[in-house]
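Only the coordinates and a few stated rules stand behind these numbers; no lab work does. Bear in mind that the values here come from a model prediction, so they are computed numbers and not experimental data. Neighbour counts run over all protein chains shown; Cβ positions are idealised from the backbone, glycine included.
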Amino acid sequence: MIDVLLIEDDLEILNILKAYLREFGMQVHGHTSPVSALNSLEIDHYDVVILDLSLPEMDGLEVCKIITKKYQLPIIISTARSDVSDRVVGLELGADDYLPKPYEMRELVARIQSLMRRVKGLKVSEASSFCINEKNMSISKDNEYLELTLAEYEILKLFLAKKQMVLSREYIANNVNAISWSSSDKSIDVIISRIRHKLNDNTKYPKYIKSIRGAGYKFIGD
């Protein structure tokens, strides 16, 4: 399921999109307030952001700037603004696509799905000290392969793909094939503890995996 963060101040449009996108296997988390949406990013996980530019409290371009600077999240700007400069600035700030209103909702679905295919195909940045070899199902750190079980490999791969995002234990269980969706929190904690050990990570002063009390874990490394 694709988790969509929709930042849209028109409540009617927001509710229509939530219902429509749900038919295509997407879970939409809607916010009419950009401040509320930004706060939710500190807690919840999303796969893509659909961002209107004409918002209360804060201009949409400023919201785009904050999200691209702090989170590695693809953004589709959707707005009735006709000024070409807004489109250019939005893309320069890091937005991945721009869809002017009004539009066919099916086109929005197609653009989300296309963007998700591109994102899924991305590898971890070469600047990272980690490198994923999907063919061999292995991960190396500083050019040295880590001895990982299948569950450890899939969880660490998930962390690397979702850097700086808080992942709940439920989310991890639902997105790692090597463990059951019904796995207990304790069993997931044990696997993550083993990953930390193999990364020589200090739980008190973590360099890579940080525990977020009451929420889950966040990968904070490079």
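Some values worked out for this structure:
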| quantity | calculated |
| --- | --- |
| Prolate/oblate/rounded call for the stretch 19-66, Cα gyration tensor, a/c under 1.5 rounded | prolate |
| The chain - Debye-derived log10 I(q)/I(0), Cα point model, q = 0.08, 0.09, 0.12, 0.14 Å⁻¹ | -0.32, -0.40, -0.70, -0.92 |
| Relative contact order computed over the stretch 33-118 (Cα-Cα under 8 Å; 6+ residues apart), in percent | 27 |
| The stretch 2-121 shape via C-alpha gyration tensor axes, a/c threshold 1.5 | rounded |
| Charge sum, other residues only, whose C-beta stays under 11 Å from Leu14's C-beta, Lys/Arg counted +1 and Asp/Glu -1 | -4 |
| Low-density loop cleavage sites - GluC sites (Glu not before Pro) in the stretch 1-94, where at most 15 other Cβ are within 10 Å (DSSP) | Glu23, Glu42, Glu57 |
| Length added when fully stretched, Val89-Asp44, from 0.36 nm per residue minus Cα-Cα | 13.5 nm |
| P(r) weight above 22 Å for the stretch 130-219, C-alpha pairs, percent | 19 |
| Amide H partners (placed H, <5 Å) of Gly30, local residues excluded | Leu6 |
| Stretch in the chain that is longest and holds no trypsin sites (Lys or Arg not before Pro) that DSSP places in a loop and that have at most 13 other beta carbons within 10 Å | 1-122 |
| Along the chain, longest interval not containing exposed chymotrypsin sites (Phe, Trp or Tyr not before Pro), exposed being DSSP loop plus at most 12 other Cβ atoms within 10 Å | 1-102 |
| Phi to ³J(HN,Hα) by Karplus 6.51 cos²θ - 1.76 cosθ + 1.60 over the stretch 97-109, Hz, x for Gly, Pro | 7, 9, 10, x, 8, x, 9, 7, 4, 5, 5, 4, 4 |
| Fewest-first ranking of His29, His45, His197, using other Cβ atoms within 10 Å as the exposure measure | His197, His29, His45 |
| Of the GluC sites (Glu not before Pro) in the stretch 139-222, those whose Cβ has at most 13 other Cβ within 10 Å and which sit in DSSP loop | Glu147 |
